[in-house]
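Participant: Have a look at this one before I ask anything.
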Amino acid sequence: MVSPGEPLLEARGVVKRFGHVRALQGADFTAHPGEVVALIGDNGAGKSTLVNVLSGVLAPDGGEVLLAGAPVRFSGPQDARRQGVETVYQDLSLAPDLDAAANLYLGRELLRSGLLGRLGVLDRAAMRREAVGAFAELGVVLKDLTAPVASLSGGQRQSVAVARAVAFANRVIFMDEPTAALGVVQRARVLETVRRVADRGICVVLISHNMPEVLSVSDRIEVLRLGRRVASLTAADTTIEELVGAMTGSLDQPADAPASAWSPEEPR
Amino acid sequence: MTAGTGPLADVTSDSVPQWLRRAAGVNELWTFVILVALVVFFSIAAPDKFFTVFDLTQIAVNAAIYLVLGVGMTYVVITAGIDLSIGSVLVLAAVAAAEYNIHHGGATAGWATVAVCVLIALAVGTGWGALQGAIVATGKVPPLIVTLGGLGAALGLAELATGGQDPAGAAAADLQNSLGYGKVLGIPWLVVLAAVVTVAFGLVLGTTRFGTHTLAIGSNPAAVRRAGIGVGGHLVKVYALMGLLAGLGAVMWLASYGTTSIAGHSTDNLKVITAVVLGGTSLFGGRGSVLGTVIGVFIPAVLNTGLIVIGVQQYWQDVAVGVVLVAAVYVDQLRRRARERS
Ligand SMILES: Nc1ncnc2c1ncn2[C@@H]1O[C@H](COP(=O)(O)OP(=O)(O)OP(=O)(O)O)[C@@H](O)[C@H]1O
Ligand SMILES: [Mg+2]
């Protein structure tokens, strides 16, 4: 178990290259249990890449990732998931031809008991039952649980992806723009859920371009620019202007001091 | 807590119109309507002759092998793949079994030999399928090309082994008299076997984890990979299943015709893929059913008999099936695009 002050998930000097593109150039990241951390940055700053490294999708070219204080090297997303780290991907990663329950349990299907289960027969009734509960928690009403996910609205699809992560995570959830396609009501529900999940002691890492949303829901904000962390701020005493300034670098002091004075993280 | 109220009730409240709307959208339903319409049309067009010539048992016997192949092809197509090699794999498996049979008693070989021959045919088919699946799973060569190469290579090997001539004594009389011509409760063994295979793998596709993963891979392989499912391994299994069923098809062929028919299987792939697509399985993957394939196998069979009965040249069957096939894919494509726009 992690003691309260200790980070649950930490990245130190992570480097990731795609050919000539250096998406992460020594990025740091810190997240504590029970905390909502917003990860912000301009388009192309490296947010998705960092999340992919931290969730086991990509192997870093350099630096290290620590989970509960111990260095980890996830062999893949399923390895991360086994260790309680779930992700809501920007592209949602759903199978559009399958129904919501099948997507919720993709790769973790519930089987019947006894011989049928041994033969791999699914317990669809149980999966649907659980799915109804999981979606209800997000305030999602699915008229027809047997309809393929492709026939759902964008917001409902996003809710399916969020519900899947929330249902299984017990340490960290990454959400790459989880509210991007949502209407006002569903957006509020997802943010409500984010808080509720964090209160369970799970760490929620939220990527978002919506600054008011970031300030209202998160405890801390980490700012990424050009593949590096340039600021780590407490939401309570930060303004939108400061966030934008850190993201764009306009608040940077000129010449040889690259980060602004209030930034506790000084990229070398 | 407000979040938990309401939704539970809403899920089931207006399920009846949903059910109706969905039934209308089910592919198999439309294909089944076409099949029934054909039967009705032919029985009206030739009321006295159709049902006498339209011997369901005979049609089922003719369709049995295509049905077995079609079941495997349904799985392959659902993964957004294709297997062009099935006819050649069937021939190669038949030749391998035949060679063993010839050297172990020929037409008068005993049951032990028959059993070994069956195992050889199944093993050759499964092995060939698994090999193709492994190449497909690398993601470096598209299934169309892998299995087109497999089509040529398997047939070539079969011809090398036999010098291109169908060998005499390919099947034991015991095999032919049992599986080939035998009946149980008046139903030919071939039909029983095909029905068992169809029901079993229909259930596997519809109710098991293996089936769900097959559909999911065709729907979004990246998502499946992220969900921790071994996509490559699953593809190997699916193509191996196709090979296994081609091997079974070889056994059925030997049993009913007693010869390897090396030159007689070059259009099996087209017939089977047509049946699968007619049955509503999407060539783009992610959607399909074994039930649909059953209907898809019987449409050409009924057309064939029907056209003979009403005195139309049966070559029209090929024309009709071709047109329907293109139309089926066109509709599938339209539906997919409509869905993506929503
Ligand atoms: N698979 C890849 N191959 C090549 N380049 C990539 C790849 N993934 C990301 N990049 C590059 O790495 C950089 C960081 O991309 P990333 O997707 O992490 O940004 P982001 O902060 O998530 O942006 P956005 O806000 O647009 O989602 C970009 O320059 C991008 O073009
Ligand atoms: Mg991104």
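Participant: Here are some conditions: (1) in contact (Cβ under 8 Å) with a residue 12 or more places away in the chain; (2) within 22 Å of the chain's Cα centre (by Cα). Residue B:135 meets all but one. Which one does it not meet?
Facilitator: If we test residue B:135 against (1) in contact (Cβ under 8 Å) with a residue 12 or more places away in the chain; (2) within 22 Å of the chain's Cα centre (by Cα), just (1) comes out false.
Participant: Residues that are in contact (Cβ under 8 Å) with a residue 12 or more places away in the chain, over 19 Å from the mean Cα position of the chain (by Cα) and surrounded by fewer than 24 Cβ atoms within 10 Å (Cβ to Cβ): which helices (runs of 4 or more DSSP H) entirely in region B:225-333 hold 1 or more of them? Even if it seems obvious, please write down each step before you answer.
Facilitator: On the way: elements: B:231-257, B:268-278, B:290-309.
Output list reads B:231-257, B:290-309.
Participant: Report, by residue number, each residue of region B:207-217 that is at the interface with another protein chain (Cβ under 7 Å from one of its Cβ atoms) and part of a helix (DSSP H, G or I). Give the derivation first.
Facilitator: If we filter region B:207-217 for residues that are at the interface with another protein chain (Cβ under 7 Å from one of its Cβ atoms), which is where we start, we get B:207-210, B:212, B:215-216.
Scanning region B:207-217 gives B:207, B:209, B:210, B:212, B:215, B:216.
Participant: Only one of (1) within 16 Å of ligand 2 (Cβ to nearest atom); (2) within 9 Å of chain B (Cβ to nearest Cβ); (3) free of Cβ contacts under 8 Å to residues at least 24 places away in the same chain is not met by residue A:92, so which one is it?
Facilitator: Unmet for residue A:92, out of (1) within 16 Å of ligand 2 (Cβ to nearest atom); (2) within 9 Å of chain B (Cβ to nearest Cβ); (3) free of Cβ contacts under 8 Å to residues at least 24 places away in the same chain: (3).
Participant: Here are the criteria: (1) under 25 Å from residue A:218 (Cα atoms); (2) away from ligand 2 (no atom under 16 Å from the Cβ). Tell me which single one residue A:102 does not satisfy.
Facilitator: (1)
Participant: Pull up region A:33-86, narrow it to residues that are within 12 Å of chain B (Cβ to nearest Cβ), under 12 Å from the mean Cα position of the chain (by Cα) and within 13 Å of ligand 1 (Cβ to nearest atom), then point me to the one that is nearest to residue A:204 (Cα to Cα).
Facilitator: A:55
Participant: Can you find, within region A:129-148, the residue that is nearest to residue A:192 (Cα to Cα) among those that are at the interface with chain B (Cβ under 9 Å from one of its Cβ atoms) and among the charged types (D, E, K, R)? Working first, answer last.
Facilitator: First pass over region A:129-148, keeping only residues at the interface with chain B (Cβ under 9 Å from one of its Cβ atoms): A:132-133, A:135-148.
If we keep only those that are among the charged types (D, E, K, R) too, we end up with A:137, A:143-144.
Values: A:137: 10, A:143: 22, A:144: 25 Å.
The extreme case among them is A:137.
Participant: Let me ask you something else. For region A:95-122, enumerate the residues that are among the polar types (S, T, N, Q) and touching a residue at least 12 places away in the same chain (Cβ under 8 Å). First the steps, then the outcome.
Facilitator: First pass over region A:95-122, keeping only residues among the polar types (S, T, N, Q): A:103, A:113.
Of everything in region A:95-122, just one residue is among the polar types (S, T, N, Q) and touching a residue at least 12 places away in the same chain (Cβ under 8 Å), namely A:103.
Participant: I would also like to ask the following. So in region A:42-51, with the set limited to residues that are touching a Leu at 6+ places or on another chain (Cβ under 9 Å) and either of a type in the set (Phe, Trp, Tyr) or near ligand 2 (Cβ under 9 Å from one of its atoms) (or both), which one is farthest from residue A:213 (Cα to Cα)?
Facilitator: We begin by selecting, within region A:42-51, every residue touching a Leu at 6+ places or on another chain (Cβ under 9 Å); these are A:42, A:44-47, A:49-51.
Filter again for either of a type in the set (Phe, Trp, Tyr) or near ligand 2 (Cβ under 9 Å from one of its atoms) (or both), leaving A:44-47, A:49, A:51.
Numbers: A:44: 20, A:45: 19, A:46: 20, A:47: 17, A:49: 22, A:51: 19 Å.
Only one residue fits best here, namely A:49.
Participant: Taking region A:115-126 only, how many residues are hydrophobic (A, V, I, L, M, F, W, C), at the interface with chain B (Cβ under 10 Å from one of its Cβ atoms) and either crowded, with 17+ Cβ neighbours inside 10 Å or touching a Lys or Arg at 6+ places or on another chain (Cβ under 9 Å) (or both)? Let's see the steps before the verdict.
Facilitator: Quick first cut of region A:115-126, residues hydrophobic (A, V, I, L, M, F, W, C) only: A:115-116, A:119, A:121-122, A:125-126.
Among the residues that remain, those that are also at the interface with chain B (Cβ under 10 Å from one of its Cβ atoms) are: A:116, A:119, A:121-122.
Next, from what is left, pick out any that are either crowded, with 17+ Cβ neighbours inside 10 Å or touching a Lys or Arg at 6+ places or on another chain (Cβ under 9 Å) (or both): A:119, A:121-122.
So the answer is 3.
Participant: Shifting gears a bit: What are the residue pairs meeting all of these: first residue in region A:11-29, first residue more than 18 Å from residue A:205 (Cα to Cα), second residue away from ligand 1 (no atom under 13 Å from the Cβ) and among the charged types (D, E, K, R), Cβ atoms under 9 Å, and 6 or more apart or on different chains?
Facilitator: A:13/A:28; A:13/A:64; A:26/A:12; A:26/A:268
Participant: Within region B:196-207, restricting attention to residues that are farther than 21 Å from residue B:234 by Cβ and free of Cβ contacts under 8 Å to residues at least 12 places away in the same chain, which residue is surrounded by the fewest Cβ atoms within 10 Å (Cβ to Cβ)?
Facilitator: We begin by selecting, within region B:196-207, every residue farther than 21 Å from residue B:234 by Cβ; these are B:196, B:198-199.
Remaining after also requiring free of Cβ contacts under 8 Å to residues at least 12 places away in the same chain: B:196, B:199.
Numbers: B:196: 11, B:199: 14.
Top of the filtered list is B:196.
Participant: While we're on this one: Would you point out the residue of region A:190-210, among those that are within 16 Å of ligand 2 (Cβ to nearest atom) and under 17 Å from residue A:8 (Cα atoms), that is farthest from the other protein chains (Cβ to nearest Cβ)?
Facilitator: Let us first name the residues in region A:190-210 that are within 16 Å of ligand 2 (Cβ to nearest atom), namely A:205-210.
After this cut, where a residue has to be under 17 Å from residue A:8 (Cα atoms) as well, the list is A:205-206.
On the way: A:205: 17, A:206: 19 Å.
Filtering first and then ranking leaves A:206.
Participant: Please enumerate the residues belonging to region A:23-52 that are under 15 Å from residue A:7 (Cα atoms) and not aliphatic (A, V, I, L, M).
Facilitator: A:28, A:29, A:30, A:32, A:33, A:34, A:35
Every number in this text was worked out from the coordinates using simple rules, so none of it is lab data. These numbers were taken from a predicted model, which means no experiment stands behind them. Positions of Cβ are backbone-derived with ideal geometry, glycine not excepted, and every protein chain shown enters the neighbour counts.
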